[in-house]
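Coordinate-derived values only; no laboratory data. As the structure is a computational prediction, the values presented were derived from the model and not from experiment. Using ideal geometry, Cβ is built from the backbone for each residue, glycine included, and neighbour counts are taken over all protein chains shown.
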Amino acid sequence: MDASHPLLTFFTAAAGGRFPPADGRVTVLPPLPGGLECSVAFTGHAVIATAMTSRAVHTQGPDGFGASLSPDFLHHLAGPKGWIGVTDATLTARGTGGPPRLTELTDADDHPRVRHARELRANVEVYGDERGLVTLADGLAGRRELSIELHDVHDGSRGHGRSLLTDALSLVPEADPVFAAVSPGNARSLRAFLACGFTPIGSEVLLRPERR
């Protein structure tokens, strides 16, 4: 992803507690690299990165109070045959730095989590151990993104998500912001991220429109 995309400014500001005004408005930015677009909702303000003109975006009536993530509006952005991703909660935390606590993996390219990361992100690094794996990559608008997946999600793995996330934060330089997109329905994962110091700053949907 291109680290110079203007959406990155919104994410880094939000990570520092500085949010756009809760005025119900929609900010329209240029599209993301690789044919991707997105709709991001902060409290009372939406930011949309798209190849559409601002006028075309506003014909569907989006606003900063939730309408920017409505099914009808996302379909408007993506077109009849475009791909629409899931709605994720946008979380952020700070790296802890120090000696890395996880080993880099070079044999996980076939893992679904890794394949998904390589489809949407750049500079994907994979780490892990017997608990699970971690991907660290340049994601939406160039932000540093982290995701995890446990090898075993049964009761015997309770606490593994939190410990793996804690170790994953050592891969990020101390005090540097890192982001995660987590499905709100995945309550167990969401609880683990929150317990490890991640803070919700908004929600987001990625799209790959099909336009003439």
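For the chain, leaving out every one of the GluC sites (Glu not before Pro) that falls in a DSSP loop and has at most 16 other Cβ atoms within 10 Å, the longest unbroken run is 1-129. Model label points for Glu104 and Thr53, set 7 angstrom from Cα along the Cα-to-Cβ axis, are 4.7 nm apart. Here each label is just a point 7 Å from Cα along the line to Cβ, and for Arg211 and Leu69 those points are 2.3 nm apart. Under conditions of 4 °C and 1.567 mPa s, the chain yields 73 µm² s⁻¹ as its translational diffusion coefficient, taking Rh as the Kirkwood radius over Cα pairs in the Stokes-Einstein equation. Here the 3J(HN,Hα) profile of region 117-133, calculated from phi with Karplus coefficients 6.51, -1.76 and 1.60 at θ = phi - 60°, is 4, 6, 6, 10, 10, 10, 6, 6, 10, 10, 10, x, 7, 5, 7, x, 10 Hz, Gly and Pro shown as x. Volume per residue for region 19-98 equals 122 cubic angstrom (convex hull of Cα atoms). 3J(HN,Hα) along region 85-98, derived from phi through the Karplus expression 6.51 cos²θ - 1.76 cosθ + 1.60 where θ = phi - 60°, amounts to x, 7, 7, 10, 6, 9, 10, 9, 8, 10, x, 9, x, x Hz, with x in place of Gly and Pro.
Here the Karplus curve 6.51 cos²θ - 1.76 cosθ + 1.60, taken at θ = phi - 60°, turns the phi angles of region 9-20 into couplings of 4, 5, 5, 5, 5, 5, 4, x, x, 10, 10, x Hz, with x standing for Gly and Pro. Rounded to the nearest 500, what is the 222 nm mean residue ellipticity of the chain from helices alone, with -39500 (n - 2.57) per DSSP H run of 4+ residues and division by all residues? The per-residue figure over the chain is -6500 deg cm²/dmol. Would you mind pulling out the separation of the Cα centroids of region 72-87 and region 120-179, in Å? For region 72-87 versus region 120-179, the Cα centre distance is 28 Å. The value of relative contact order for region 41-180, using C-alpha pairs under 8 Å at least six residues apart, is 25 percent. Within region 5-69, antiparallel bridges make up roughly 55 percent of the DSSP beta bridges whose residues both belong there.
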